[in-house]
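Report on the structure given below.
The values are calculated or read from the model by the stated rules, or taken from the named source; none is laboratory data. Note that this is a predicted model, so its numbers are computed, not measured. Virtual Cβ from ideal backbone geometry, glycine too; neighbours counted across all protein chains shown. Calculation scope for accessible area: heavy atoms of the full protein, side chains included, ligands and nucleic acids excluded. Shrake-Rupley method; radii C 1.70, N 1.55, O 1.52, S 1.80 Å.
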Amino acid sequence: MRADAVRNRARLLEAAARLVAENGVEHVSMDAVARAASVGKGTVFRHFGERSGLLLALLDHAEQAYQASFLTGPPPLGPGAPALDRLEAFGVATIRYLLTHRDLVLAATPPPERRFSAPSVGVRRAHIAGLLRETGTEGDVELLTESLLAYLDPALLDHLVHRRGIPQERVEAGWRNLLEIATNSGDGVTRGVTSDRRPAHPT
(Lines give C-alpha, C1' and ligand atoms only; values in the text may rest on other atoms or scores of the structure.)
Protein backbone atom coordinates (compact mmCIF):
# COMPACT_ATOMS: atom_id res chain seq x y z
CA MET A 1 0.00 0.00 0.00
CA ARG A 2 1.38 3.40 -0.97
CA ALA A 3 2.26 5.88 1.76
CA ASP A 4 -0.61 8.19 0.83
CA ALA A 5 -3.05 5.26 0.88
CA VAL A 6 -1.80 4.27 4.33
CA ARG A 7 -2.35 7.81 5.55
CA ASN A 8 -5.85 7.91 4.04
CA ARG A 9 -6.76 4.60 5.67
CA ALA A 10 -5.53 5.81 9.07
CA ARG A 11 -7.44 9.06 8.59
CA LEU A 12 -10.65 7.20 7.74
CA LEU A 13 -10.34 4.87 10.73
CA GLU A 14 -9.69 7.82 13.03
CA ALA A 15 -12.80 9.57 11.71
CA ALA A 16 -14.89 6.40 12.05
CA ALA A 17 -13.68 5.80 15.62
CA ARG A 18 -14.58 9.37 16.51
CA LEU A 19 -18.09 8.94 15.07
CA VAL A 20 -18.61 5.70 16.99
CA ALA A 21 -17.52 7.37 20.22
CA GLU A 22 -19.75 10.40 19.63
CA ASN A 23 -22.88 8.88 18.09
CA GLY A 24 -22.78 5.10 18.55
CA VAL A 25 -22.00 2.50 15.92
CA GLU A 26 -25.55 2.45 14.53
CA HIS A 27 -25.10 5.99 13.22
CA VAL A 28 -21.82 5.34 11.41
CA SER A 29 -22.29 5.22 7.63
CA MET A 30 -19.86 5.31 4.73
CA ASP A 31 -21.16 8.79 3.84
CA ALA A 32 -20.67 10.06 7.39
CA VAL A 33 -17.10 8.75 7.54
CA ALA A 34 -16.28 10.29 4.18
CA ARG A 35 -17.58 13.67 5.35
CA ALA A 36 -15.76 13.46 8.67
CA ALA A 37 -12.50 12.61 6.92
CA SER A 38 -13.06 15.18 4.14
CA VAL A 39 -12.66 12.61 1.36
CA GLY A 40 -14.92 11.27 -1.36
CA LYS A 41 -17.26 8.39 -0.61
CA GLY A 42 -15.49 6.32 -3.25
CA THR A 43 -12.28 6.48 -1.22
CA VAL A 44 -14.02 4.86 1.73
CA PHE A 45 -15.40 2.07 -0.46
CA ARG A 46 -12.00 1.46 -2.09
CA HIS A 47 -10.40 0.94 1.31
CA PHE A 48 -13.09 -1.09 3.04
CA GLY A 49 -15.44 -2.47 0.38
CA GLU A 50 -18.60 -2.09 2.47
CA ARG A 51 -19.77 -0.84 5.85
CA SER A 52 -19.07 -4.17 7.54
CA GLY A 53 -15.49 -4.00 6.22
CA LEU A 54 -15.05 -0.57 7.78
CA LEU A 55 -16.40 -1.75 11.12
CA LEU A 56 -14.23 -4.85 11.01
CA ALA A 57 -11.21 -2.63 10.45
CA LEU A 58 -12.18 -0.65 13.54
CA LEU A 59 -12.25 -3.88 15.49
CA ASP A 60 -8.85 -4.92 14.19
CA HIS A 61 -6.79 -3.45 17.03
CA ALA A 62 -8.92 -5.02 19.75
CA GLU A 63 -9.06 -8.30 17.81
CA GLN A 64 -5.27 -8.42 17.49
CA ALA A 65 -4.81 -7.92 21.23
CA TYR A 66 -7.48 -10.55 21.96
CA GLN A 67 -5.89 -13.10 19.62
CA ALA A 68 -2.42 -12.45 21.01
CA SER A 69 -3.72 -13.17 24.51
CA PHE A 70 -4.57 -16.80 23.69
CA LEU A 71 -1.96 -17.48 21.00
CA THR A 72 1.14 -16.10 22.70
CA GLY A 73 0.03 -14.67 26.06
CA PRO A 74 0.64 -16.06 29.54
CA PRO A 75 -1.13 -19.22 30.77
CA PRO A 76 -3.72 -20.41 31.43
CA LEU A 77 -5.09 -18.54 28.40
CA GLY A 78 -1.82 -18.73 26.49
CA PRO A 79 0.65 -21.59 25.94
CA GLY A 80 2.03 -23.46 28.94
CA ALA A 81 -1.17 -24.65 30.63
CA PRO A 82 -3.03 -27.96 30.11
CA ALA A 83 -5.25 -27.91 27.03
CA LEU A 84 -8.48 -28.20 29.03
CA ASP A 85 -7.53 -25.24 31.24
CA ARG A 86 -6.71 -23.23 28.13
CA LEU A 87 -10.06 -24.08 26.57
CA GLU A 88 -11.89 -22.95 29.69
CA ALA A 89 -9.94 -19.70 29.84
CA PHE A 90 -10.40 -19.15 26.10
CA GLY A 91 -14.18 -19.39 26.28
CA VAL A 92 -14.42 -16.99 29.20
CA ALA A 93 -12.02 -14.52 27.55
CA THR A 94 -13.97 -14.68 24.30
CA ILE A 95 -17.31 -14.09 26.02
CA ARG A 96 -15.90 -11.05 27.79
CA TYR A 97 -14.26 -9.71 24.63
CA LEU A 98 -17.39 -10.07 22.49
CA LEU A 99 -19.70 -8.56 25.11
CA THR A 100 -17.33 -5.64 25.72
CA HIS A 101 -17.31 -4.80 22.00
CA ARG A 102 -20.78 -6.14 21.25
CA ASP A 103 -22.19 -3.15 19.32
CA LEU A 104 -19.21 -2.99 17.00
CA VAL A 105 -18.96 -6.77 16.68
CA LEU A 106 -22.65 -7.15 15.82
CA ALA A 107 -22.57 -4.30 13.34
CA ALA A 108 -19.48 -5.76 11.67
CA THR A 109 -20.87 -9.29 11.43
CA PRO A 110 -20.80 -10.38 7.76
CA PRO A 111 -23.97 -11.51 5.94
CA PRO A 112 -25.22 -15.03 6.77
CA GLU A 113 -23.50 -16.66 3.80
CA ARG A 114 -20.10 -15.42 5.01
CA ARG A 115 -20.73 -15.38 8.74
CA PHE A 116 -18.93 -18.61 9.58
CA SER A 117 -16.05 -18.09 7.16
CA ALA A 118 -14.87 -14.77 8.61
CA PRO A 119 -11.12 -14.83 9.38
CA SER A 120 -11.63 -14.11 13.08
CA VAL A 121 -14.05 -17.05 13.36
CA GLY A 122 -11.53 -19.24 11.54
CA VAL A 123 -8.87 -18.41 14.13
CA ARG A 124 -11.22 -19.36 16.98
CA ARG A 125 -12.26 -22.55 15.20
CA ALA A 126 -8.66 -23.68 14.66
CA HIS A 127 -7.73 -22.85 18.26
CA ILE A 128 -10.63 -24.80 19.76
CA ALA A 129 -10.04 -27.81 17.49
CA GLY A 130 -6.33 -27.91 18.27
CA LEU A 131 -6.91 -27.82 22.02
CA LEU A 132 -9.68 -30.42 21.83
CA ARG A 133 -7.28 -32.79 20.08
CA GLU A 134 -4.66 -32.12 22.75
CA THR A 135 -7.13 -33.18 25.44
CA GLY A 136 -7.62 -36.51 23.70
CA THR A 137 -11.33 -35.84 23.33
CA GLU A 138 -13.15 -38.72 21.67
CA GLY A 139 -15.81 -38.35 19.02
CA ASP A 140 -16.12 -36.03 16.03
CA VAL A 141 -13.76 -33.21 16.97
CA GLU A 142 -14.75 -31.16 13.94
CA LEU A 143 -18.43 -31.08 14.91
CA LEU A 144 -17.68 -30.69 18.61
CA THR A 145 -15.62 -27.65 17.66
CA GLU A 146 -18.56 -26.16 15.76
CA SER A 147 -20.86 -26.77 18.73
CA LEU A 148 -18.50 -24.99 21.11
CA LEU A 149 -17.95 -22.21 18.60
CA ALA A 150 -21.72 -21.71 18.30
CA TYR A 151 -21.90 -20.92 22.02
CA LEU A 152 -19.48 -18.06 21.39
CA ASP A 153 -21.62 -16.48 18.68
CA PRO A 154 -21.89 -12.71 19.30
CA ALA A 155 -25.62 -12.58 18.50
CA LEU A 156 -26.35 -15.43 20.92
CA LEU A 157 -24.32 -13.82 23.70
CA ASP A 158 -26.10 -10.50 23.14
CA HIS A 159 -29.47 -12.28 23.23
CA LEU A 160 -28.68 -14.17 26.43
CA VAL A 161 -27.19 -11.28 28.40
CA HIS A 162 -28.90 -8.17 27.05
CA ARG A 163 -32.26 -9.50 25.84
CA ARG A 164 -33.01 -12.26 28.33
CA GLY A 165 -31.10 -10.71 31.23
CA ILE A 166 -29.03 -13.79 32.07
CA PRO A 167 -26.04 -12.73 34.20
CA GLN A 168 -22.73 -12.84 32.35
CA GLU A 169 -21.26 -14.98 35.14
CA ARG A 170 -23.91 -17.62 34.45
CA VAL A 171 -23.12 -17.56 30.73
CA GLU A 172 -19.43 -18.04 31.52
CA ALA A 173 -20.29 -20.94 33.83
CA GLY A 174 -22.40 -22.37 31.01
CA TRP A 175 -19.28 -22.48 28.84
CA ARG A 176 -17.50 -24.51 31.50
CA ASN A 177 -20.43 -26.87 31.73
CA LEU A 178 -20.60 -27.32 27.95
CA LEU A 179 -16.86 -27.93 27.85
CA GLU A 180 -17.10 -30.63 30.52
CA ILE A 181 -19.82 -32.38 28.55
CA ALA A 182 -17.99 -32.09 25.22
CA THR A 183 -14.72 -33.42 26.62
CA ASN A 184 -16.25 -35.85 29.15
CA SER A 185 -14.03 -34.21 31.75
CA GLY A 186 -16.53 -33.67 34.56
CA ASP A 187 -19.89 -34.66 35.94
CA GLY A 188 -21.76 -32.18 33.73
CA VAL A 189 -22.79 -30.01 36.68
CA THR A 190 -22.19 -26.31 36.14
CA ARG A 191 -20.30 -24.69 38.99
CA GLY A 192 -21.99 -21.66 40.47
CA VAL A 193 -25.16 -21.92 38.38
CA THR A 194 -28.61 -22.39 39.76
CA SER A 195 -30.78 -24.49 37.49
CA ASP A 196 -34.16 -23.17 36.36
CA ARG A 197 -35.56 -26.66 36.39
CA ARG A 198 -38.26 -27.52 38.91
CA PRO A 199 -38.96 -31.02 40.10
CA ALA A 200 -41.68 -32.79 38.16
CA HIS A 201 -45.03 -33.17 39.88
CA PRO A 202 -45.57 -36.69 41.17
CA THR A 203 -47.98 -38.78 39.18
Using label points projected 7 Å from each Cα along Cα→Cβ, tell me how many nm separate LEU106 and VAL6, to one decimal. 3.7
If I take all pairs of Cα atoms in the chain, what percentage of them are more than 26 Å from each other? 44
With a 1.4 Å probe and every protein chain kept in, tell me what percent of the accessible surface of the stretch 112-166 is carbon plus sulfur. 55
State, to one decimal in nm, how far the label point of ALA150 lies from the label point of HIS27, with both points 7 Å from Cα in the Cβ direction. 3.8
Label ILE166 and SER120 with points 7 Å out from Cα along Cα→Cβ: what is the distance between them in nm? 2.1
Accessible area (Å², 1.4 Å probe, nearest 10) - HIS127: 20
Stretch ARG18-ALA62 to full length: gain in nm at 0.36 nm per residue minus the Cα-Cα span? 14.3 nm
